[in-house]
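To start, the structure under review is shown below, and the notes come after it.
The values are calculated or read from the model by the stated rules, or taken from the named source; none is laboratory data. Source: prediction; values computed, not measured. Reconstructed Cβ throughout: ideal geometry from the backbone, glycine too, with neighbour counts over all protein chains shown.
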Amino acid sequence: MQRPSVADLLAGLKRQQLQALLLRLSEDQPGLADLIETQVQSVVGENLSPTPAGAPQPSAQTGAAAAEGAPAPRQRRTAVDANAYRRQVHALLHSLDRLRASEAYWHVGSVVNEVRQVLQPAQDFLKAGDGHNALVILEAVTEEYLAEWTTLDDSDGEAGGFFEDLGPVWTEAILTADLTADERRAWSKKLTKWQSELDDYGIEETFAAAIEAAKQGWDYPPLQRVLQGEITEKGAWEGEAPECADDLAVARLKVLERQGRYQEYLHLAEAESQTEPYVTMLVRLGRVQEAVDYGLQYLDLTNEALALAQALRQQGALQEALRIAEHGLTLEGHKATLAAWLSELALGLGETGRALAAAQIAFQENNTLAAYRRVQDLAGERWPAIKADLLAQLAKSGHVASQVEIYLSEGMVNEAVQAVDAETYVEYDTLERVVDAATQSHPDWVIRRCRQQAESIMDEGKSKYYHHAVRWLGKARAAYRSAGREAEWQAYLRELLTRHQRKYSLVPQLETLRR
């Protein structure tokens, strides 16, 4: 009998019953109380957001660039409890203490992901314009994590990878909170100390953008000049821009967008060469032709073109989206995603020829069966000639899995066999697909490849993989019988039983192949 879902179990309970249930559970499981507390604080933070769902609306302005008469952000009246977040992070980092090291290793990733969830309320507060409470949570999580993270096995870099998520949130929080100069200096000092600790573990630049944000705030003269529309080659910097310049620019743009400071957003994006944010914001503001003209001149990468084309499509500027997408195919970068998107758009506009051309480019970049069939669907009477070109491209691609999938879909078993033989290493599932397809037409090849797979396992005594060896031998048996060579198969099986007679876990499995 299937157990009812939690939603179904709780559906019939009244408010008082739900409260009583949570209270009893929190008394029995102390860690649950901390989780409830942080989640409640997160929900409250979400409810404080001054911006409704959908497009961002103008809200608060911070620093010297605040617009006159702009509404102030609604701030939470009381601070969140930092200790609840500390306790939760501490509990998570020590949740593997009772496991053996070999067992704990496999759970590190899940623990780090749970810590990321503890960080979520800080991001919710930022969306609500409440930088102060975001900083309270960030400080608690960061201090506790820094104190304990080395207790985790970081062989795969998962524990250290958490800092990649942490840094950008800190930068946004520093820029969102309306901090005094003294407060910013204090945060800069603390962040610098934390970065020094991480440097000892080879984790560099985590807080670099946040430190710069704390040093500069919104009062930094070059930044102020840019926000007012004075754009030079130096961007928002007095001298040479540091390595964290892009990260800081991205964080500032997010804050400006949330605050509805769209013209300042455009000035900063242009000054800091944030081309994709610049052109997509132009589109959102209805300045479509300006976005197209700028994009045609300054876009450098295919993914930037795709972002602009998608924004144009959302605004209903379909011909402009088509033009930008086609331009994007001339830029640097992987083109498969853009080409597939363009093909779909062009077909919707009745531009079958352009849709076909884009689909062919998508296949050149990504030799999948889906891309192949897309070209076929669009080619019509031209398919025989185009098919020959695609198969010629496929043969040179070196993508064995794609070659096998397409060849077998076309009944080209011999080509699939040749593709597999041309590679030193082939994934088991790819080899198995060809073996199954070639049993009737290429029995000798199937027998040889299956025996190789099985014998490598049996000869090396890999007992936990014996069942795989027997499966390969079963396929070899099918090929022997397909070729009318039953006696030869039985002789080979007897030879295997003799050779491996002391492998007591293997022999019974080989016996099953007598049938």
| task | Pairs only if they're at least six apart or on different chains, beta carbon under 6 angstrom, first in the range 363-384 and surrounded by fewer than 21 Cβ atoms within 10 Å (Cβ to Cβ), second aliphatic (A, V, I, L, M); list them, first residue then second. | result | GLU365/ALA336; ASN366/ALA336; LEU369/ILE406; ALA379/ILE386
| message | Looking at GLU326 and the list (1) surrounded by fewer than 15 Cβ atoms within 10 Å (Cβ to Cβ); (2) among the charged types (D, E, K, R); (3) not assigned by TED's automatic domain parsing to the domain that holds ASP429, which single condition is not satisfied? | response | (1)
| task | Give the range 155-178 a look and list any residue that's touching a Gly at 6+ places or on another chain (Cβ under 8 Å) and at pLDDT below 95, or say none. | result | ASP156, ASP178
| Would a scan of the range 340-347 turn up a residue that is outside the structural domain of ALA371 (by TED's automatic domain parsing), on the phi < 0 side of the Ramachandran plot and over 22 Å from the mean Cα position of the chain (by Cα)? | no
| field | Enumeration of residues in the range 424-472 that are part of a loop (DSSP other than H, G, I, E, B), touching a residue at least 24 places away in the same chain (Cβ under 8 Å) and more than 22 Å from GLU511 (Cα to Cα) | value | VAL426, GLU427, THR439, GLN440, SER441, HIS442
| request: All but one of (1) assigned to a helix (DSSP H, G or I); (2) free of Cβ contacts under 8 Å to residues at least 40 places away in the same chain; (3) in contact with an Asp or Glu (Cβ under 8 Å, 6 or more places away or on another chain) hold for ARG185, so report the exception by its number. | output: (3)
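Hey, could you check the range 191-215 for residues that are in a helix (DSSP H, G or I) and without any contact (Cβ under 8 Å) to a residue 12 or more places away in the chain and say which is nearest to the chain's Cα centre (by Cα)?
Here is the first cut: in the range 191-215, the residues in a helix (DSSP H, G or I) are 191-199, 208-215.
Subsequent filtering for residues that are without any contact (Cβ under 8 Å) to a residue 12 or more places away in the chain retains 193, 196, 199.
Details: LYS193: 30, SER196: 29, ASP199: 26 Å.
Step by step, filter the range 191-215, then rank; the result is ASP199.
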| query | Can you name every residue in the range 216-242 that is part of a helix (DSSP H, G or I) and not polar (S, T, N, Q)? | reply | PRO221, PRO222, LEU223, ARG225, VAL226, LEU227
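Scan the range 424-457 residue by residue and report those that are of a type in the set (Gly, Ala, Ser) and either surrounded by fewer than 21 Cβ atoms within 10 Å (Cβ to Cβ) or farther than 21 Å from MET412 by Cβ (or both). It would help to see each step written out before you state the result.
Within the range 424-457, the subset of a type in the set (Gly, Ala, Ser) is 437-438, 441, 454, 456.
Hits for the range 424-457 are ALA437, SER441, ALA454, SER456.
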| remark: Being in contact with an Asp or Glu (Cβ under 9 Å, 6 or more places away or on another chain), at pLDDT 95 or above and under 20 Å from GLN364 (Cβ atoms) narrows ALA325, ALA309, ALA291 down to just ALA309
| request: Output the number of residues of the range 101-133 satisfying the condition of being within 13 Å of VAL169 (Cα to Cα) and of a type in the set (Phe, Trp, Tyr). | output: 1
| Residues (charged (D, E, K, R) and outside any helix (DSSP H, G or I)) located in the range 414-423 | GLU423
| Scope the range 219-240; condition modelled with pLDDT of 95 or more, under 34 Å from the mean Cα position of the chain (by Cα) and of a type in the set (Lys, Arg); matching residues | none
| said: Residues that are surrounded by 15 or more Cβ atoms within 10 Å (Cβ to Cβ), out of contact with any Phe, Trp or Tyr (no Cβ under 6 Å at 6 or more places or on another chain) and not in a helix (DSSP H, G or I): does the range 95-116 have at least one? | reply: yes
| field | Filtered residues of the range 500-513 (kept if touching a residue at least 24 places away in the same chain (Cβ under 8 Å) and closer than 13 Å to LEU473 by Cβ) | value | HIS500, LEU506, GLN509, LEU510, THR512, LEU513
| query | Looking at GLY235, is it touching an Asp or Glu at 6+ places or on another chain (Cβ under 7 Å), surrounded by fewer than 20 Cβ atoms within 10 Å (Cβ to Cβ) and within 22 Å of GLU276 (Cα to Cα)? | reply | yes
| message | Would you confirm whether or not the range 480-500 contains a residue that is surrounded by 12 or more Cβ atoms within 10 Å (Cβ to Cβ), within 43 Å of the chain's Cα centre (by Cα) and assigned to a loop (DSSP other than H, G, I, E, B)? | response | no
| query | Within the range 294-330, which residues are more than 17 Å from SER273 (Cβ to Cβ) and charged (D, E, K, R)? | reply | ARG313, GLU320, ARG323, GLU326
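Do any helices (runs of 4 or more DSSP H) entirely within the range 329-396 hold 2 or more residues that are within 26 Å of ASP421 (Cβ to Cβ) and either aliphatic (A, V, I, L, M) or in contact with a strand residue (DSSP E or B) (Cβ under 7 Å, 6 or more places away or on another chain) (or both), and if so, which?
Details: elements: 336-348, 352-365, 369-379.
Per the criteria, 369-379.
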| query | What residue, among those in the range 130-164 that are at negative phi and not in a helix (DSSP H, G or I), is surrounded by the most Cβ atoms within 10 Å (Cβ to Cβ)? | reply | ASP130
| request: Check ALA82 against each of (1) farther than 15 Å from ASP153 by Cβ; (2) at pLDDT 95 or above; (3) buried (at least 17 other Cβ atoms within 10 Å of the Cβ) and name the one condition it does not meet. | output: (2)
